[in-house]
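Undergrad: Here it is, the structure, as structure tokens.
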Amino acid sequence: MMLEKIKAAKSKNQKLLAILIDPDRFDENMLNSIERSNPDFVFIGGSLITEGGFEKRVADIKAKLKRPLILFPGHPSQVTSHVDSILFLSLISGRNPDLLIGQHVVAAPRIKELGLETIATGYILIDGGKPTTASYISGTQPIPRDKANIAAATAMAGEMLGLQCIYLDAGSGASLTIPVDLIRAVSAKTEIPLIVGGGIRTKEQIRSAFEAGADLVVVGTAIEEQPDLLASLLA
Ligand code: 1GP
């Protein structure tokens, strides 16, 4: 079970890395760089997928990957059996009821039928310096980057509601990563695993996120731009 793996690593203060695949942009070169980087997890999905045949592409990717594949869904139509687990995201930074509970009701019967592991995730968007697909498509406002107290209170509420992890996301391709003091504030006030992503492009940014309390860092866009970023980090 993926959640158990994340919790076990957290209890040993072992930091985890995930690569986010945008299925619209995935190709063989990316597959090779993922193999070289050897991340702990590969995430797949997104707020907006424009190419058809998503399920078939996930199945193809799953067949080629050696790493656990976790669905990071933007919509119930992305639910597929070709993953090891699904981040069951509730967009708790927003006030769009459809993304707090509505789409979950639509997706739940199919997830149950497929017998997929769900990881109940409090998904928190933080302003990443420019509007991102996630904030635009969700129709929600991200939390301002200087409001660590709002982010921490939101994460605490998520934990109290029984969510199993928190994902702080500046959005894919963000120009600014999540501020370290905001990561620190959330980490200090919650016990559940903390995922951090959005706009991370350098080893130093990955290290800073870990040092501030992230348990799992997600890198997407930068892997497309610098395929050996994670491999060089681990070297
Ligand atoms: C986005 O956190 C992920 O949801 C990754 O963002 O593509 O900017 O790395 P990047």
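Undergrad: Could you tell me what a quarter of the Cα convex hull surface of the chain works out to, in nm² with one decimal place?
TA: Spelled out: convex hull of the Cα atoms, projected over all directions, averaged, 11.3 nm².
Undergrad: Averaging over all projection directions, find the projected area of the Cα convex hull of the stretch 33-172 and quote it in nm² with one decimal place.
TA: If I average the Cα hull's projected area over directions, I get 9.0 nm².
Undergrad: Could you give the length gained on full extension between ALA9 and ASP146, defined as 0.36 nm per residue of separation minus the Cα-Cα distance, in nm?
TA: 46.4 nm
Undergrad: Using r as the Cβ-Cβ distance of GLU211 and GLU51, and R0 as 41 Å, what FRET efficiency do you calculate, to the nearest 0.05?
TA: 0.65
Undergrad: State, to one decimal in nm, how far the label point of ALA108 lies from the label point of GLU35, with both points 7 Å from Cα in the Cβ direction.
TA: 4.2 nm
Undergrad: Also, I was wondering about something else. Summing -39500 (n - 2.57) over the DSSP H runs of n ≥ 4 in the chain and dividing by its residue number, what mean residue ellipticity at 222 nm do you reach, to the nearest 500 deg cm²/dmol?
TA: It lands at -11500 deg cm²/dmol.
Undergrad: Could you let me know the centre-to-centre spacing of the stretch 190-212 and the stretch 16-59, using Cα atoms, in angstrom?
TA: 20 Å
Undergrad: Could you work out how much longer the chain between GLN226 and ARG95 gets when fully extended? Use 0.36 nm per residue separation minus the Cα distance between them, nm to one decimal.
TA: Stretched out fully, the GLN226 to ARG95 stretch lengthens by 43.6 nm.
Undergrad: According to the square roots a ≥ b ≥ c of the eigenvalues of the Cα gyration tensor, what is the shape class of the stretch 114-235, taking rounded for a/c under 1.5, prolate for a/b larger than b/c otherwise, and oblate for the remainder?
TA: Judged from the Cα gyration tensor, the stretch 114-235 comes out rounded (a/c under 1.5).
Rule-based calculations on the coordinates, nothing more; no lab input. Because the structure is predicted, anything quoted here is derived from the model rather than measured. Cβ coordinates were reconstructed from backbone atoms using ideal geometry, including for glycine residues, and neighbour counts include every protein chain displayed.
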